[in-house]
Amino acid sequence: MRELKGLTGLRFLAAFYVFVFHFDMPHRTPLTYLPSRVEALIQEGRLGVCVFFVLSGFVLTYSHLRDYPTADLPSWRYYMGFLYKRLARIYPVFFVGLVSCLLISQWQGTRPSLLLVGLSATFLQTYIPRVSMQWYDMGAWSVANEFFFYLLFPLLLPLLLRLQQRGLLVGLLVGLALLSTGLGLGQWLRPGLFRYELVFAFPPSRLPEFVAGMVGALLVMRQGWRVPARAAVALLLLTAGYLAWAGPLTEGRLTHHWLVVPTVVVLLVVLAQPQQSRAFAWLSSRPMQYLGHISYSFYIAQLPLVFLLDPLWQSGRLRHTDWWVAPVALLANLLGAVLLHELVEKKAHAYLLTRYHAYVGRGRLVATGTQAG
């Protein structure tokens, strides 16, 4: 399967967008020295998570479509193997981040309850809106959402494979974008009707973005869908302008998904094409590839960093006007991401996959021996 290098580079840009957004918050170091429209665009950085979700659905479908020659549901063994390999990819880094935040909280005298730690460690916290974005899940809620998507992916893909016509897939893509937007509009227009966390962090609420990515991949791989690079550039410029001007006028970040989700899908379709436009070729460069590979560690590494810095802002030891904090924090976060990726993510993933293949190999040997006997 051909590696989609442009998508790897894009992963880091999404993680960086979220990072800058986290530091632009009013109680930290708002980037007010930037032009007002640029800062307004940064303030929509929550949408970096939307990019992650759409990208995840696209890449998983691209990588696993060959496992589904028919539209039948997978076997239980395949399902459990799929989940194991996804956990082997995400959980070691997630767990190290959680333990780091727990140690920092203990040192600061703000240790959370054991129940909250247990809920976060098992990806269950995000299902309880009252606490879903507290403590570690202020940022790690998105990883719990990803695991929810992994639970459903092997069941959703056979259903989508039954949609054979391009028109049906395109219509579904439009419907998913509107559905996701509708949840945000409801939360904005009737703030008391739904808790913000129920719309923003509750896994089923974010499922349309993931499925939109799956549909985009099917349009590319099964329908031969191609999009000119200039169309992606035009949509990106349109979306950036819309967010910079209209973003501050709305509450509830899902309200922009009617435009953001289709823009991300079109961008992924362009980046998945064999012939890369010069407008996006830089995403496949060696530096961007490495940054893309460490993007998950980069995302998680910012959480302990924020745990360390927030008390300094609250106590006044760091001032909100200290412009140098964000660049220094970026360098520290990059260093932490490299260490986390090289020492935990790569090594733990390789070890867990080796154990898995050894287990599967033993099972095959037992089955073969049984049949031979």
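Couple of notes before you dig in:
- Test: A246 is part of a helix (DSSP H, G or I), within 22 Å of the chain's Cα centre (by Cα) and surrounded by 13 or more Cβ atoms within 10 Å (Cβ to Cβ): no
- In the range 33-42 there is no residue matching the filter, namely being at pLDDT 95 or above, among the β-branched types (V, I, T), more than 15 Å from L303 (Cα to Cα) and under 22 Å from the mean Cα position of the chain (by Cα).
- Selection of the range 277-331 for residues being closer than 30 Å to L4 by Cβ, charged (D, E, K, R) and over 24 Å from the mean Cα position of the chain (by Cα) yields only R278.
- P69 passes every criterion in (1) closer than 29 Å to R222 by Cβ; (2) in contact (Cβ under 8 Å) with a residue 60 or more places away in the chain; (3) not acidic (D, E) apart from (2).
- Of residues in the range 63-105 being of a type in the set (S, T, N, Q) and assigned to a helix (DSSP H, G or I), the one farthest from I294 (Cα to Cα): S105
- Filter result for S56 (within 30 Å of P248 (Cα to Cα), of a type in the set (S, T, N, Q) and in a helix (DSSP H, G or I)): yes
- Count of residues meeting criterion [among the basic types (K, R) and closer than 27 Å to G192 by Cβ] in the range 230-285: 1
- Scope the range 179-195; condition closer than 20 Å to A246 by Cα and not hydrophobic (A, V, I, L, M, F, W, C); matching residues: S180, T181, G182, G184, G186, Q187, R190, P191
- Checked against the criteria, L55 does not count as farther than 15 Å from A272 by Cβ and either buried (at least 22 other Cβ atoms within 10 Å of the Cβ) or touching a residue at least 60 places away in the same chain (Cβ under 8 Å) (or both).
- Selection of the range 298-323 for residues being hydrophobic (A, V, I, L, M, F, W, C), part of a helix (DSSP H, G or I) and either modelled with pLDDT under 90 or on the phi > 0 side of the Ramachandran plot (or both) yields L312, W313.
- Hits in the range 106-121 - residues which are among the small types (G, A, S) and part of a helix (DSSP H, G or I): G118, S120, A121
The values are calculated or read from the model by the stated rules, or taken from the named source; none is laboratory data. The model shown is predicted, which means the values in this text are computed figures rather than measured ones. Every residue, glycine as well, gets a Cβ built from its backbone with ideal geometry; the counts of neighbours run over all protein chains shown.
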